[in-house]
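The values are calculated or read from the model by the stated rules, or taken from the named source; none is laboratory data. Fair warning: this is a prediction, and the values are worked out from it, not measured in the lab. Note: ideal-geometry Cβ built from the backbone for every residue, glycine included; neighbour counts use all protein chains shown. The area values use the complete protein model at the heavy-atom level, side chains included, leaving out ligands, DNA and RNA. Shrake-Rupley method; radii C 1.70, N 1.55, O 1.52, S 1.80 Å.
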Amino acid sequence: MRIFMILPLAVALVACSGGNGQKQSRETADLFQKVIKTAEAQIGYQVKVIEESGKILNARTTRNGHVHYIGKQDWTSGFFPGTMFYMYDLTNDSKWLEVGIKYTENLDTIKHLKWHHDVGFMIDCSFGNALRVTGNEAYEEVIIEAAKSLSTRFRPVAGVIQSWDEDRGWQAERGWMCPVIIDNMMNLELLFKATQLSGDSTFHNIAVSHADKTMENHYRDDWSCYHVVDYDKEVGGVRSKQNAQGYAHESAWSRGQAWGLYGFTVAYRYTKDQRYLDMADNIYRYIFTHENLPADLVPYWDYNAPNIPNEPRDASAAAVAASALYELVDYDRPEYRETADKIMTSLAGDAYTAIVGTNGNFLLMHSVGSIPHDNEIDVPLNYTDYYFLEALTRKMRLEGAL
Ligand code: GLY
């Protein structure tokens, strides 16, 4: 069955062109077949290790050469189950489905999480994919309940969802009142979906308000964005525009640019509001015409990092952007496909795809969590693998191979 699923991609790609183009397409098709096989082996090992432990273990990255597992409340806990569903999409092998369901259902209580905004990532990447793949209606209630939890963080006077608590963790030292990070655009999909499932427009309206405020306040004239905008939740308006995970307040943190591109693409999917599509186009132009973007289209961790070209790359930013671009192809942007293919060809090559049995059994190497926090520098990350595999399923659908 696996061969049956993969072969049409090669055929579809090769059928597209002739001459030298045909040779390149065949090479590209071979490369993607190879990376799917690598993913089956590498992520298969990841599953074997955790299954043999007899525990529920959710891997996020590597630390000092060892796999770092995280608890349910970590913002990245939904990516491993989500990865299982994309592996199922790509291989049609039900073993991935079983693990995906088990790890998704283990996150059930997260629907009540209210102390940070990432319940959107956590529940949508797990239960959202589980619902898409299995159609199990029991998952709808989890998505709606999680959307209710996320909605408790909506600050109506400011018109935004508060990302982080102002009095918790390292964030408490920054004097913020209502910090909103660009990443929060990624949590809106849960709200849009919850309205579709429940008929309650409250979630949709909160998402639109948040997207509009982000459009108004997070972006600079060149269409790069700040990481953090702090709002006054009592009288409304912006208190400050700052940085947390990028190089400086006025720099452009690479993953943040990719979160924005993806987030506005999703906002367009659910609203068909042209302003959001225009935002995605503007962000696209910022990223892909940037003088500091390397030729392989995998950015340094910040577009303004001080020692470029001697700075770590961030494969996660590249994977998130590629996935968004494949969706934008469906919105009458065929030219974005070539850019996305180029990113994916880079990531699927030896420079970023790990040799089986290395890299903590994660698929991709060379991502960055947060350099200012001296955390996760040039490491694998579970969300890099997740968005890479999502992008790969989107690519294969575009090729008519899934
Ligand atoms: N949402 C956290 C990050 O992108 O690192």
Any idea how many residues of region 69-114 are in a loop (DSSP other than H, G, I, E, B) and either over 16 Å from residue 393 (Cβ atoms) or of a type in the set (Asp, Glu) (or both)?
13
Scan region 170-191 and report the pairs whose first residue is under 11 Å from residue 242 (Cβ atoms) and whose second residue is within 14 Å of the ligand (Cβ to nearest atom) and modelled with pLDDT under 95, with Cβ atoms within less than 9 Å and a gap of 6+ or a chain change.
179/171
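Conditions tested, residue by residue: (1) within 16 Å of the ligand (Cβ to nearest atom); (2) under 23 Å from residue 184 (Cα atoms); (3) not in a helix (DSSP H, G or I).
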| position | (1), (2), (3) |
| --- | --- |
| 262 | yes, yes, no |
| 276 | no, yes, no |
| 295 | no, no, yes |
| 310 | no, no, yes |
| 317 | yes, yes, no |
| 327 | no, yes, no |
| 343 | no, no, no |
Selection count where residues are buried (at least 24 other Cβ atoms within 10 Å of the Cβ) and over 13 Å from the mean Cα position of the chain (by Cα), scope region 379-391
1
Total residues in region 83-115, condition hydrophobic (A, V, I, L, M, F, W, C), open to solvent by less than 50 Å² (accessible area, probe 1.4 Å) and under 30 Å from residue 164 (Cα atoms)
6
Tell me the residue from 201, 251 that is more than 24 Å from residue 159 (Cα to Cα), at pLDDT 95 or above and not acidic (Asp, Glu), please.
251
Condition first: more than 12 Å from the ligand (Cβ to nearest atom) and over 16 Å from residue 65 (Cβ atoms). Now tell me which residues in region 369-385 satisfy that.
374, 385
Just wondering, is there one or more residues in region 360-368 that are open to solvent by 20 Å² or more (accessible area, probe 1.4 Å), within 16 Å of the ligand (Cβ to nearest atom) and in contact with a Pro (Cβ under 8 Å, 6 or more places away or on another chain)?
yes
Residue that is open to solvent by 30 Å² or more (accessible area, probe 1.4 Å), aromatic (Phe, Trp, Tyr) and touching a Phe, Trp or Tyr at 6+ places or on another chain (Cβ under 7 Å), where the choices are 276, 270
270
Matching option when the condition is under 25 Å from residue 330 (Cβ atoms) and open to solvent by 10 Å² or more (accessible area, probe 1.4 Å), among 232, 281
281
Does region 169-176 contain at least one residue that is more than 16 Å from the ligand (Cβ to nearest atom), modelled with pLDDT under 95 and hydrophobic (A, V, I, L, M, F, W, C)?
yes
If the requirement is being in a loop (DSSP other than H, G, I, E, B) and either more than 16 Å from the ligand (Cβ to nearest atom) or in contact with a helix residue (DSSP H, G or I) (Cβ under 8 Å, 6 or more places away or on another chain) (or both), which of these qualifies: 157, 208, 180?
157
Return the residues of region 35-66 that are open to solvent by 50 Å² or more (accessible area, probe 1.4 Å) and in a strand (DSSP E or B); say none if nothing qualifies.
63, 66
How many residues, within region 133-154, are open to solvent by 10 Å² or more (accessible area, probe 1.4 Å), hydrophobic (A, V, I, L, M, F, W, C) and more than 18 Å from residue 213 (Cβ to Cβ)?
3
Taking region 369-378 and keeping residues open to solvent by 30 Å² or more (accessible area, probe 1.4 Å) and not aliphatic (A, V, I, L, M) leaves 372, 373, 374, 375, 378
